Each structure stands twice: as structure tokens, then as C-alpha cells.
């Protein structure tokens, strides 16, 4: 699995941050994650208007996440 890993922080309190991830099928690869990452993040932020994305990256998911 490919993981879109990102960290968000509260707009009202930028010191309060949380990690998140979205999973993609591995057949799509890291390149697809990089292409679709911003769109997926924009959709996520739309549903969470009190948070701002601080950083994001695409990577291979850790083995324990592959079972999700």
C-alpha cells in the first residue's frame, strides 16, 4: 500500500498538530500519490475547516498499516 502521510495543525492553535494518513493501492504507485495528493488533501481539509496541513509526503505504508 502507498500512504499519503500528512500532519495537520489547528488554525486556532498551531502548536496542536496531529498525524494522518490516507492509503492508496500499491499498483497506483508513488507517482500517482504525488499527483493526487494535493487533491486528496484539499478534499480532506474541506471536511476539516479548523485544521491546516503543515506537511505531507507519499511513502510506502508500514507493514502494520497494510492490513487495514
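Bear in mind these aren't lab numbers, they're just calculated from the coordinates by the rules spelled out. Since the structure is predicted, the reported quantities are computational estimates derived from the model, not experimental observations. Ideal geometry is used to build each Cβ from the backbone, glycine not excepted, and the neighbour counts take in all protein chains shown.
Every residue, every condition in (1) touching a residue at least 12 places away in the same chain (Cβ under 8 Å); (2) closer than 13 Å to residue 60 by Cβ; (3) in contact with a strand residue (DSSP E or B) (Cβ under 6 Å, 6 or more places away or on another chain), yes or no:
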| position | (1), (2), (3) |
| --- | --- |
| 2 | yes, yes, yes |
| 7 | yes, no, yes |
| 11 | yes, no, yes |
| 16 | no, no, yes |
| 22 | yes, no, yes |
| 30 | yes, yes, yes |
| 39 | no, no, no |
| 43 | no, no, no |
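Residues in segment 34-49 that are part of a loop (DSSP other than H, G, I, E, B) and surrounded by fewer than 11 Cβ atoms within 10 Å (Cβ to Cβ): 49 alone. Within segment 1-33, the set of residues being over 22 Å from residue 48 (Cβ atoms) and part of a helix (DSSP H, G or I) comprises 26, 27, 28, 29, 30, 31, 32.
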